[in-house]
Amino acid sequence: MWASSLFVIAVLGFGLPPLETDPPEILSVHDCKVYAVEREGILIATKIPGFVNHIDVQQGDFVDRDQVIGRLDDEEARLTVEIQDARASNDINIRYAQAAHAVASATLSKILEANTRLPGTYPEMEIEEARLEENRTKLQIQQAEHNRLLESFELHRVKLGLQWHDIVSPVSGIVTEVVRHTGEAVLQGETIVKVLRTDRYRVEGMVSVEFYERIGRGQPVEVHINIPGAELSVEDQVYRGQVVAASPFVDRGQVIVVAEVENHDGRLRPLFDAQMEVHLVDGSSGVAQYRPSGVVK
């Protein structure tokens, strides 16, 4: 009895010991290669046709996301914005309609007041015409306000069109080619500058088909750079990401696994040699494991 009591006290005081669990497996994939996410780079084009006014970058320059790297000639677009701004700020029609409505309301009030003092002073038809004019001028105010609202929408549209003259990089990266230069005509959608994205990279490697069913999209990976014959600081870094694809085609008992990793320090470059550690899905539960242990060679 005393032994049982002591066991209960021990459990309540210290808790049960942790259960033993099998460590998750990590597949180490050798001879991997680093590639740009878009092999040919990002093709930066313009939304509208026009003439290139200036390009502010050259091959080898680094650019940030949403950075303006050039501009099409926008003299006509700027003039259009100024004209539309004047139209949108014009309230003359509203003020005229308000004044006309004030006169019509006053006229109707006097007619009704006169007929109240002396019935029949104004015939019923004339009274109805005065009411109609009062209502017409009220609607005229609403129409003028509506027209001004439409002019404000048009101002927003032409301002947006002016912004479209900017040539903007959608990603952070390095300029690999300037295709069009100052003074050249470009069509809508025509490539002006090519930028290689550098904030993320793809890593590809071959794995045995026996692991195919245990590798799925979204599983975590860790990438280590290995450059034979050189000692670079990039080799001391770990680049983390996740699997984005596993090829459905088998080549000599192997399949291609593709991952994307964050270039957190900006040191990754295309065609670096790498080793990738892929966290395998637990074969029994089908749930991806995340702990770095149990490496499968």
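Here, each number is a calculation from the coordinates, and none is a lab measurement. For clarity, every value in this text was computed on a predicted model and none was experimentally measured. Counting neighbours? That spans all protein chains shown, and the Cβs are built from the backbone with ideal geometry, glycine included.
Value of Rg to Rh for the chain, rounded to two decimals, is 1.37; Kirkwood radius and Rg both from alpha-carbon coordinates.
For the residues LEU139, LEU155, LEU43, a GNM of the chain with alpha-carbon springs under 10 Å puts the largest fluctuation on LEU139. Full extension of the chain between ALA185 and LEU232 gives 12.5 nm of extra length, using 0.36 nm per residue less the Cα-Cα distance. For segment 120-248, the normalised intensity computed at q = 0.09, 0.17, 0.19 Å⁻¹ comes to -0.65, -1.08, -1.16 (log10 of I(q)/I(0), Debye sum over alpha carbons, equal scatterers, no solvent). Counting only alpha carbon atoms, the long axis of helix 75-88 and the longest principal axis of the chain meet at about 50°. Scalar couplings 3J(HN,Hα) for segment 151-159, obtained by applying the Karplus form with A = 6.51, B = -1.76, C = 1.60 to θ = phi - 60°, are 5, 5, 5, 5, 4, 4, 5, 6, 5 Hz; x denotes Gly and Pro.
Magnitude of the charge dipole for segment 77-161, about its Cα centre and with charges confined to Cβ atoms of Lys, Arg (+1) and Asp, Glu (-1), is about 340 debye.
Go through 227-236, 97-106, 194-203 and give me the packing order, highest mean Cβ count within 10 Å leading.
Working: 227-236: 10.0, 97-106: 15.5, 194-203: 20.2.
Packing order, densest peptide first, comes out as 194-203, 97-106, 227-236.
Excluding VAL238 itself, what net charge comes from residues whose Cβ is under 14 Å from its Cβ, given Lys and Arg +1 and Asp and Glu -1? Kindly include the intermediate steps, with their values, before the conclusion.
On the way: positive: ARG240, ARG267; negative: GLU222, GLU235, ASP236, GLU262, ASP265, GLU277.
Net of charged neighbours comes to -4.
Cross-link reach is defined here as a Cα-Cα straight distance under 17 Å, omitting same-chain residues fewer than 8 places apart; for LYS194 the lysines meeting it are LYS47.
The calculated P(r) of segment 77-161, using every Cα pair and 10 Å bins from 0, goes 18, 30, 21, 15, 10, 5, 1 in percent.
Under a Cβ-Cβ cut-off of 12 Å, what is the net charge of the residues other than VAL281 that fall near it, where Lys and Arg count +1 and Asp and Glu count -1? Overall, the nearby charge balance is -1.
Every helix of 4 or more DSSP H residues in the chain counts as -39500 (n - 2.57), and over all residues that averages to -11000 deg cm²/dmol at 222 nm. Annotation: aspartates and glutamates with alpha-carbon distance below 20 angstrom to LYS110 (same-chain offsets under eight excluded): GLU124, GLU126, GLU128, GLU129, GLU133, GLU134.
Simple rule: put +1 on each Lys or Arg Cβ and -1 on each Asp or Glu Cβ in the chain, find the dipole, and look at ALA104, ALA45, ALA259; the Cα lying farthest toward the positive end is ALA104.
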